[in-house]
Every structure is written in C-alpha cells, then in structure tokens.
Amino acid sequence: MVEDDNETWLIDSGHAIIEKIAAVGVATLTPRERLIHCFWITDYSMRNAGDLAAARDLDPRYQTDAVAAATALGLSRTAAIFSLSEGELERRFFGLFDDLCAELRG
C-alpha cells in the first residue's frame with residue numbers, strides 16, 4: 001500500500017463515519033468506527049495544522065477513546081501509538097501513519 005492509497009482510504013472512511021454520526025449519533029459507532037474516527041481527527045489536525053490542537057478541539061477524548069477502541073479490537077500497535085504522549089504522537093505521526101493504516105485495514 002502506498003501512502004496516497006492510505007490517505008484516500010482514511011478520508012473516505014472518515015467521511016462515511018462523519019455522515020453516520022450526523023444521521024444517528026456518535027453513540028452508534030462500533031469500536032472500529034470510533035477508532036477510525038479518532039484516527040481521522042488526528043490525521044486532519046496534523047495535516048492541516050501540523051499539531052494536535054485541532055484534534056483536541058474536535059474531540060477532547062480522541063486519544064483515550066482511540067486507545068480504548070484499539071484495545072477492545074486487539075490492535076496492540078494502534079493502542080501503543082495512541083498511548084504515546086501528545087507531543088510524541090505529533091513528532092512521530094507521519095512516520096507511523098502507514099503502520100496505523102495497515103493494522104486498521106488488516
């Protein structure tokens with residue numbers, strides 16, 4: 001998988017989840033959908049602002065919810081990545097992007 005394919009996958013998946021949230025609410029998301037949404041929020045913030053301030057504004061629980069969902073799904077690499085400090089996640093995000101996609105898409 002190339003990064004462009006992963007970016008497209010995340011954008012498309014995130015868009016579908018945002019539409020679901022708008023239609024029936026965030027409480028209806030499956031753990032996988034919740035995790036993808038948290039990942040989308042993180043990616044959106046990093047690509048548009050270069051930090052995670054926008055992610056915190058969009059969803060103050062994005063990181064803890066991502067860890068909880070990844071743990072529930074048995075996605076240990078993703079749980080470990082979202083368990084990083086926010087500063088470390090910012091510094092390493094783009095290098096870890098494909099690892100996150102691989103585990104989520106796998």
Inset, instruction - Kindly indicate the residue of region 47-68 that is of a type in the set (D, E, K, R) and assigned to a helix (DSSP H, G or I) and also most open to solvent (accessible area, probe 1.4 Å) among those meeting that condition. - result: Asp57
Legend entry - Members of region 7-44 found to be small (Gly, Ala, Ser), farther than 16 Å from Asp65 by Cα and under 11 Å from the mean Cα position of the chain (by Cα), listed by number: Ser13
Inset, instruction - Residues being of a type in the set (S, T, N, Q) and surrounded by 12 or more Cβ atoms within 10 Å (Cβ to Cβ): count how many of those fall in region 1-12. - result: 1
Inset, instruction - Out of Arg105, Arg92, Arg61, report the one residue that is closer than 20 Å to Val26 by Cβ and not β-branched (Val, Ile, Thr). - result: Arg61
Legend entry - Set His37, His15: member being out of contact with any Lys or Arg (no Cβ under 6 Å at 6 or more places or on another chain) and open to solvent by 80 Å² or more (accessible area, probe 1.4 Å): His15
Legend entry - Residue pairs meeting the criteria (Cβ under 6 Å; at least 6 apart or on separate chains; first at pLDDT 95 or above and surrounded by 10 or more Cβ atoms within 10 Å (Cβ to Cβ), in region 21-33; second among the acidic types (Asp, Glu) and assigned to a loop (DSSP other than H, G, I, E, B)): none
Legend entry - Filtered residue count, region 69-103, keeping only those that are touching a residue at least 12 places away in the same chain (Cβ under 8 Å), in a helix (DSSP H, G or I) and open to solvent by 20 Å² or more (accessible area, probe 1.4 Å): 9
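The values are calculated or read from the model by the stated rules, or taken from the named source; none is laboratory data. Because the structure is a prediction, the values reported are computed rather than measured. We place every Cβ from the backbone using ideal geometry, glycine too, and count neighbours over all the protein chains shown. SASA here: full protein model, heavy atoms, side chains in, ligands and nucleic acids out. Shrake-Rupley method; radii C 1.70, N 1.55, O 1.52, S 1.80 Å.
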